[in-house]
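Chemist: One structure, pasted below without further comment.
The values are calculated or read from the model by the stated rules, or taken from the named source; none is laboratory data. Given the structure is predicted, the values throughout are model-derived calculations rather than measurements. Please note: Cβ atoms are built from the backbone with ideal geometry, for glycine as well, and neighbour counts cover all protein chains shown. We work out accessible area using only protein heavy atoms, side chains counted, and drop any ligands, DNA or RNA first. Shrake-Rupley method; radii C 1.70, N 1.55, O 1.52, S 1.80 Å.
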Amino acid sequence: MKILKYIFLLLLLSLVALTVFVATQKGIFSVERSKVINSPKTTVYNYINDFRNYEDFESWSVADPSIKMTFPNKTAGNGASYYWTGSEGNGNAITLKTKEGESIQQKMKYDGTEADVNWTFKDTLGGKTKVTWKASGTMSFLFKVYTALNGGSDKVIGTIYEKSLANIDKNLDYETRTFAVEMNGVVKKTETPYIGQTFTSEIQKVSKNARIVIPKLIEFSQNNGLTANGKPFIIYHTYNTATGLAKISICLPTNKEIMTTSGSDISGGTLNGFEGVKTTLKGDYSHINEAITKTNNFINKEKITPDLSWSHLEILTISKLDVKSPSKLTTEVYYPIQPKVVPVAKTPVYRTDVEPTYPEPTEADPSEAPKTAPKLAPKPKPTPKPAPKTEEEQSEF
């Protein structure tokens, strides 16, 4: 019995010593990991900028099925956030500041542990992206104990980051490379009333602008008694690849056309019906140029005359607002064309209320006209003078 008491006391003293050691250690940590992701920078940035994707790549979330994530309406960009609960604790994260395609700054809290999180993105050779993930902050007492028993904060957090970055590379490698372009041919688009915003945008930022504007249009329609009558679409009034700029209208189709007050950034309008060449892109929007090229090739091959009064139309059939997986996106592209004019044969019209008249035949003297002379119209015969009426004809009876 005395031996058991000694063992118990020894364990207790060891626990107290460990507790004192951990308590006296600084709870400050700083961890950084980098990896080259085999995808374009814009694609990687957009993927990490949306909190909805975190449950697919954060290793601790993937490994723990008890974790449940909750997402508010805003999951990407400044002010985006999400929350999670699990058997080992609860936490949340919020995006504080973003620099398009360059960096993301976040704040994370997890059961007393707080961290400032920074992501940076840099282009590398071959269209790949170097992603650097850094976190620094203070640990809770329990987290200090856990890291002390498992090799320190750099090893514990660094391992999580390494596995998560590998998941990002794997997920995006599949998601961005799984796409298909289908040529649908010449179709007719019917007249469509809409509400929308018109402005000039960088071509590479059109997708981002659409994710910002469309929720505003949906909210506007709900507040003004309108009903969405189809999927959002983008009208490209101009599309200049030399300058990288396009004049666009981001639109939401509605059940009726409306007039908005002067000064409103949202206006009502109607997209007139037209004939166009339709192409469907299934997959990440980064492949939109493949769809545009295939459309132009079809127009040239079929010798179709394009309508150059505006550029083209894109319908976001399945957008980022509907799904988070890039491989499941669907974009319909329509290039306006001039309808073919079919000549209509004129049908002769005959009158039945009058008798036809024919010119009187005349005799020509072949000795007087040269063989090469053009044919001349015959001279009309002089009208004979009427004979004077007799005395009987001059009488009325």
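Chemist: Here are some residues: Tyr45, Tyr83. Which one is among the aromatic types (Phe, Trp, Tyr), part of a helix (DSSP H, G or I) and either touching a residue at least 12 places away in the same chain (Cβ under 8 Å) or in contact with a helix residue (DSSP H, G or I) (Cβ under 7 Å, 6 or more places away or on another chain) (or both)?
Modeler: Tyr45
Chemist: Given the condition modelled with pLDDT of 95 or more, surrounded by fewer than 17 Cβ atoms within 10 Å (Cβ to Cβ) and closer than 30 Å to Tyr47 by Cβ, answer yes or no: does some residue in segment 278-287 qualify?
Modeler: Yes, some residue in segment 278-287 is modelled with pLDDT of 95 or more, surrounded by fewer than 17 Cβ atoms within 10 Å (Cβ to Cβ) and closer than 30 Å to Tyr47 by Cβ.
Chemist: Just checking, which of Ile304, Ile258, Ile315, Ile292 is open to solvent by less than 20 Å² (accessible area, probe 1.4 Å) and either among the β-branched types (Val, Ile, Thr) or over 30 Å from Glu175 (Cβ atoms) (or both)?
Modeler: It is Ile292.
Chemist: All but one of (1) under 28 Å from Ile218 (Cα atoms); (2) in a loop (DSSP other than H, G, I, E, B); (3) open to solvent by 30 Å² or more (accessible area, probe 1.4 Å) hold for Pro65; which doesn't?
Modeler: Going through (1) under 28 Å from Ile218 (Cα atoms); (2) in a loop (DSSP other than H, G, I, E, B); (3) open to solvent by 30 Å² or more (accessible area, probe 1.4 Å) one by one, Pro65 breaks only (1).
Chemist: Here's a follow-up. Restrict the check to segment 244-257 and report whether at least one residue is in contact with a strand residue (DSSP E or B) (Cβ under 9 Å, 6 or more places away or on another chain), of a type in the set (D, E, K, R), closer than 21 Å to Val333 by Cβ and modelled with pLDDT under 90.
Modeler: no
Chemist: Follow-up question, since we're still on this one. Tell me which residues, restricted to segment 20-42, are at pLDDT 55 or above, open to solvent by 60 Å² or more (accessible area, probe 1.4 Å) and assigned to a helix (DSSP H, G or I).
Modeler: Thr42
Chemist: Related question: Do we find that Lys205 is open to solvent by less than 80 Å² (accessible area, probe 1.4 Å), among the basic types (Lys, Arg) and assigned to a helix (DSSP H, G or I) in this structure?
Modeler: The answer is yes for Lys205.
Chemist: Can I ask one more? Suppose we filter Ile315, Ile304 for residues that are out of contact with any Leu (no Cβ under 7 Å at 6 or more places or on another chain) and either among the hydroxyl-bearing types (Ser, Thr, Tyr) or within 30 Å of Thr43 (Cα to Cα) (or both); which single one remains?
Modeler: Of Ile315, Ile304, the one residue that is out of contact with any Leu (no Cβ under 7 Å at 6 or more places or on another chain) and either among the hydroxyl-bearing types (Ser, Thr, Tyr) or within 30 Å of Thr43 (Cα to Cα) (or both) is Ile315.
Chemist: Here's another thing I want to ask about it. Can you pull out the residues in segment 266-299 that are of a type in the set (D, E, K, R) and over 13 Å from the mean Cα position of the chain (by Cα)?
Modeler: Glu275, Lys278, Glu290, Lys294
Chemist: Go through segment 216-234 and count every residue that is within 18 Å of Ile315 (Cβ to Cβ), surrounded by 15 or more Cβ atoms within 10 Å (Cβ to Cβ) and of a type outside the set (A, V, I, L, M).
Modeler: 4
Chemist: Ok, one more. Checking Ile248 against (1) among the aliphatic types (A, V, I, L, M); (2) within 30 Å of Asn297 (Cβ to Cβ); (3) open to solvent by 60 Å² or more (accessible area, probe 1.4 Å), which single condition isn't satisfied?
Modeler: With (1) among the aliphatic types (A, V, I, L, M); (2) within 30 Å of Asn297 (Cβ to Cβ); (3) open to solvent by 60 Å² or more (accessible area, probe 1.4 Å) applied to Ile248, the lone miss is (3).
Chemist: Which of (1) within 30 Å of Glu202 (Cα to Cα); (2) touching a residue at least 24 places away in the same chain (Cβ under 8 Å); (3) open to solvent by 70 Å² or more (accessible area, probe 1.4 Å); (4) in contact with a Leu (Cβ under 9 Å, 6 or more places away or on another chain) does Asn78 not meet, given it meets every other one?
Modeler: Exception for Asn78: condition (2).
Chemist: If you don't mind, another one. Residues being closer than 20 Å to Val62 by Cα and either at pLDDT below 90 or of a type in the set (Gly, Ala, Ser) (or both): count how many of those fall in segment 151-160.
Modeler: 1
Chemist: Could you give me the residue pairs with C-beta distances under 7 Å whose first residue belongs to segment 58-69 and is over 19 Å from Met108 (Cα atoms), whose second residue is open to solvent by 80 Å² or more (accessible area, probe 1.4 Å) and modelled with pLDDT under 85 wherever it lies, and which are 6+ apart or on separate chains?
Modeler: Matching pairs, first to second residue: Ser66/Ser87.
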